[in-house]
Amino acid sequence: MPSTALYTDLSGYYDLMCADINYQEQSAYVRRLHDLLGNKGKDYLDLACGTGPHLRHFIDFGYTATGVDINQPMLDIAQLRCPEAQFTQQDMSHLNMVTQMDLISCFLYSIHYNQSIAALTECIASVHRALKPGGLFCFNAVDKSTIDNRDGIKRQLTHDDSDFSFQSNWYYCGEGDLQQLQLSIERTTNGITEQWRDQHPMVALTFAQLQQLLEPYFEVHIFAHDYQRITPWENSAGNAFFVGIKH
Ligand SMILES: C[S@@+](CC[C@H](N)C(=O)[O-])C[C@H]1O[C@@H](n2cnc3c(N)ncnc32)[C@H](O)[C@@H]1O
């Protein structure tokens, strides 16, 4: 049975796990893309916003911010971090917004939480409806044909008298349109270790497929996965940053 405890029972540890992520840099990168390619408006929506770190930066940049996430415990933390923002608990595969946005983002590969090609297609169509003319859709993605199941990231740290170990890796069996994000979380307090293992089912596809899904709705640009500079994607790289400009 797949578990996503990290976003529910363990949501209080999410920011610890992400302590090494440079949210400021990622937000500044998307803001630059929006300045270059967008419609100059300031209504911003972050899909799968989690605990709201990107929203915080965009509010500080002067945007009016809204966050959508499927898990209320994540939204509760985001609301504390961003009291100025609006939040709604929604599945992004059936996104339903009352007002249209100028910029919609989805960070940290969360677009793959659409759990099938059909769900992703529905998400893309609903993002298109939720954007104003000339609005921008920005997200990063991984190409299933480049996933190496041996690769992973491990982080260890101490917090509140406990030692934590977080491990994450992609798993793709080599066929079909499902991959997994596998996470292992260990907490050791006074010599007693507790362990949780999460398996998050996510949609798997190639960049060629993803481009094909986006093109009926957006002018598509693909950039290198490098938040320090805006450069074109090189065809062989398995991670990339996608930008869609609403037709
Ligand atoms: C890896 S976290 C990313 C959070 C945040 N964007 C960040 O960069 O730290 C993924 C988030 O996606 C949310 N999520 C998972 N499935 C979702 C769905 N179908 N619709 C909306 N949010 C979803 C989870 O609750 C979690 O907060």
Quick calc, the chain, dipole around Cα centre from Cβ unit charges on Lys, Arg (+) and Asp, Glu (-), nearest 20 debye, gives 560 debye
State the percent of C-alpha pairs, over all pairs in the range 145-202, separated by a distance greater than 19 angstrom. 40 percent
Across the chain, how many lysine pairs, 8 or more positions apart or on different chains, have C-alpha atoms separated by under 26 Å? Please give the number. 7
For the chain, what's the radius of gyration and Dmax over Cα atoms, in angstrom? 17.7, 58
For the chain, set up a GNM with springs between Cα atoms under 10 Å and report which of GLN89, GLN100, GLN212 has the largest fluctuation. GLN212
Evaluate 2.2 N^0.38 Å with N set to the residue count of the range 182-247, then give the Cα radius of gyration divided by it. 1.72
Rounded to the nearest 10 Å², the 1.4 Å probe accessible area of ASP91 is 60 Å²
Could you calculate the contour length gain from ASP151 to ALA224, that is, 0.36 nm times the residue separation minus the distance between their Cα atoms, to one decimal place in nm? 24.3 nm
Inter-label distance, nm, simple model (7 Å from Cα along the C-beta direction), LEU37/GLU194: 4.3 nm
Students often get this wrong: which residues of the range 90-126 have the backbone nitrogen under 17 Å from the point 7 angstrom along Cα-to-C-beta of ILE21? 92, 104-114
With a 1.4 Å probe and all protein chains kept in place, how much accessible area does TYR171 have, in Å² rounded to the nearest 10? 90 Å²
May I ask for the distance between the Cα centers of the range 21-62 and the range 91-109, given as a whole number of Å? 13 Å
Cα centroid separation, the range 150-191 to the range 3-18 (Å): 11 Å
Report the percentage of all Cα-Cα pairs in the range 106-247 whose separation exceeds 23 Å, rounded to a whole percent. 44 percent
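The values are calculated or read from the model by the stated rules, or taken from the named source; none is laboratory data. Since this is a predicted model, take the numbers as computed values, not measurements. Cβ sites come from the backbone with ideal geometry, for glycine too, and all protein chains shown count toward neighbours. When the accessible area is computed, the model is the full protein with side chains, heavy atoms only, and any ligands, DNA or RNA have been set aside. Shrake-Rupley method; radii C 1.70, N 1.55, O 1.52, S 1.80 Å.
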